[in-house]
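Single-structure report; data block below.
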Amino acid sequence: MPGSAAIRRRPTQERAKERVERILAAASELIAETGSDAVRMSEIAARAGVPIGSLYQYFPDKPAILRVLAQRVMERVREGLIASLTGLDSGREAVARVDALIEGYYQLFITEPDVRDIWSATQSDKALQALDVEDSRENARVFFASLKHLVPKRDHQRFEAASFLLMQLAGSAVRLAIAVERKEGDRLIKEYRAMTRRELETFFKD
């Protein structure tokens, strides 16, 4: 199951899988309501309708739950990245698609408070920080593999490095944008999109 690396005891039976899903759904709801810092394990167990002992059977602590939730968001974003970048035939189309992806990524954080808070938690947890960097690296592999046919071979090494930077900086730009007032955040994302377009246009042949 997605995010199973952070689960202490991996469920195999359907009943156990359903219990884990209830736990994760309860955690997401509580995080959206009060923020991850305020959420206690006992509250998650109560909301999920499971004994506290059962909760600890699967998750040793709250950061373990956050890691699973973060991995699920990452997988969701990567699926969108793959779908959006598949089958592109021109640099102009690629730039437009990437621009839309950045805006969509920003809107995900605006419209889903639990996603916003989960990502904020990555800044204070070393395991989540490492997960965030590896996620950017994997997204960069997808990005590079999907678009390298539009870039002259002589520029592939530079484009590969730029792909990693763009993926990591997208997360940083969005986190900054949601940390300030909405109007300023919108301006920051607009500027980041423009910077990304300019950078990508230096690579593509058309």
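The candidate values are (1) 50, 41, 32; (2) 64, 38, 33; (3) 60, 39, 26; the one derived from this structure for Cα extents along the principal axes in Å carries the label (3).
In this simple spin-label approximation, Glu134 and Arg22 carry label points 7 Å from Cα along the Cα→Cβ vector, and these lie 3.0 nm apart.
In this structure, Ala194 and Arg76 have a Cβ-Cβ separation that, at R0 = 22 Å, corresponds to a calculated FRET efficiency of about 0.25.
Determine, for the chain, the count of lysine pairs separated by eight or more sequence positions (or lying on different chains) whose alpha-carbon distance falls under 22 Å. Each step should come with its number before you reach the end.
On the way: Lys17/Lys62; Lys62/Lys126; Lys148/Lys205; Lys153/Lys205.
Counting lysine pairs in the chain gives 4.
When Val133, Val98 are compared by accessible area of protein heavy atoms, the largest-first order is Val133, Val98, using a 1.4 Å probe. Of Leu24, Leu169, the residue with the largest accessible area leads and the full order is Leu169, Leu24 (1.4 Å probe). Computed over the Cα atoms of the stretch 25-96, the ratio of the radius of gyration to the Kirkwood radius (Rg/Rh) comes to 1.24.
To the nearest ten degrees, helix 91-111 and the longest principal axis of the Cα atoms of the chain are 30 degrees apart. The angle between the Cα long axis of helix 156-179 and the main principal axis of the chain comes to about 50°, on a 0 to 90 degree scale. Site-free segments of the chain were taken between trypsin sites (Lys or Arg not before Pro) in DSSP loops having at most 15 other Cβ atoms within 10 Å, sites themselves excluded; the longest one is 41-204. Seen against the Cα atoms of the chain and their longest principal axis, helix 126-147 is set at about 40 degrees. Can you compute the FRET efficiency between Ala83 and Leu169 using 1/(1 + (r/R0)^6), with r the Cβ-Cβ distance and R0 = 22 Å? Round to the nearest 0.05. Calculated value: 0.50.
The values are calculated or read from the model by the stated rules, or taken from the named source; none is laboratory data. Bear in mind that the values here come from a model prediction, so they are computed numbers and not experimental data. Neighbour counts are summed over all protein chains in view; Cβ atoms, including those assigned to glycine, are modelled from backbone coordinates with ideal geometry. We work out accessible area using only protein heavy atoms, side chains counted, and drop any ligands, DNA or RNA first. Shrake-Rupley method; radii C 1.70, N 1.55, O 1.52, S 1.80 Å.
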